[in-house]
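Undergrad: Handing you a structure now.
Only the coordinates and a few stated rules stand behind these numbers; no lab work does. On a predicted model such as this, the values are computed, not experimentally measured, just so you know. All Cβ positions, glycine included, derive from the backbone under ideal geometry; neighbour counts span all protein chains shown.
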């Protein structure tokens, strides 16, 4: 499961990444996993600019920054602070708030909120990159404290589609969520195309919104037994995942935008999908943070 990622616990993290040089060495390693090659002259060596954080190619003198086009670009915070934030967010399965992050790192709430959004945005980008396969169970959930007196799928709470893949033994593997405006056939079909492999087998309840799945070429079937039977045969896993998700974000949705709620969904999915390699999740998230561009504070309208 680790694919060469180095497992690291808290004690090792503190001893390894308590200084800027070690942080930069790790970023350089992940930035150039196959070794450095200048994109101007193909030279395979680099040196650090004296007294600065940039690097240059000694053959053609072209300079480069390891933080360019990353969530850390332009930040005034130290790399040790960024690494600590990434480690805390990656390893805390309950989720850590921006307020708690500011206290742990000794930085302002504004800075902690920006860091938190950027790191979670990197998680979201990664979760959008892959498709679920195998046996998939799909369901819907509703999040929020806004009530209209209605119940079920017509409620004005936030509407979310969930899909969970299971292995041949019936154990859950990977999950994806999407916040949607409505739960009609077109919306469910679009989510399925973006999230699930065409070869997958999909099982759902008998809600009419799933009707289009068979028409669009998916191997889709309804679980038509009584609720207790359906629970045993396919929905227990996804109901457990949904219940844990709601506990994770309980009490937060009333202060969140749609974009921020989707980040919470992706953050939960990111940890769930890597629960078998939790020790190496820090290294994995570092790489994602290198591949995600920085959000501006103006883009963040609600607290985490």
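Undergrad: Can you give the FRET efficiency to the nearest 0.05 for residue 169 and residue 12, using r as the Cβ-Cβ distance and R₀ = 41 Å? Provide the component values of the computation, followed by the final result.
TA: Details: r = 34 Å, r/R0 = 0.82.
With R0 = 41 Å, the Cβ-Cβ based efficiency is 0.75.
Undergrad: How high is the FRET efficiency from residue 60 to residue 129, r the C-beta distance, R0 30 Å, rounded to 0.05?
TA: Given R0 = 30 Å and the Cβ-Cβ separation, E is 0.35.
Undergrad: What order do you get for 137, 160 when you list them from fewest to most C-beta neighbours inside 10 Å?
TA: Working: 137 26, 160 22.
So the residues, fewest neighbours to most, are 160, 137.
Undergrad: Please arrange 186, 205 by counting, for each residue, the other beta carbons lying within 10 Å of its beta carbon, fewest first.
TA: On the way: 186 10, 205 17.
The order, fewest Cβ neighbours first, is 186, 205.
Undergrad: I would also like to ask the following. By per-residue mean of other Cβ atoms within 10 Å, what is the highest-first order of 170-179, 77-86, 45-54? Before the final figure, lay out the partial values.
TA: Values: 170-179: 18.5, 77-86: 20.5, 45-54: 10.8.
For the peptides 170-179, 77-86, 45-54, the packing ranking is 77-86, 170-179, 45-54.
Undergrad: Where the centroid of each part is defined by its Cα atoms, how far is segment 6-68 from segment 263-294 in Å?
TA: So the separation of the two Cα centres works out to 21 Å.
Undergrad: Among 99, 105, 208, which comes first, then next, by fewest other beta-carbon atoms within 10 Å?
TA: Working: 99 14, 105 19, 208 9.
Ascending Cβ contact count within 10 Å gives the list 208, 99, 105.
Undergrad: Subtracting the Cα-Cα distance from 0.36 nm times the residue separation, let me have the gained length for residue 39 to residue 77 in nm, one decimal. Intermediate values should be presented prior to the final figure.
TA: Values: separation 38, 0.36 × 38 = 13.68 nm, distance 2.83 nm.
Separation in residues times 0.36 nm, less the Cα-Cα distance, equals 10.8 nm.
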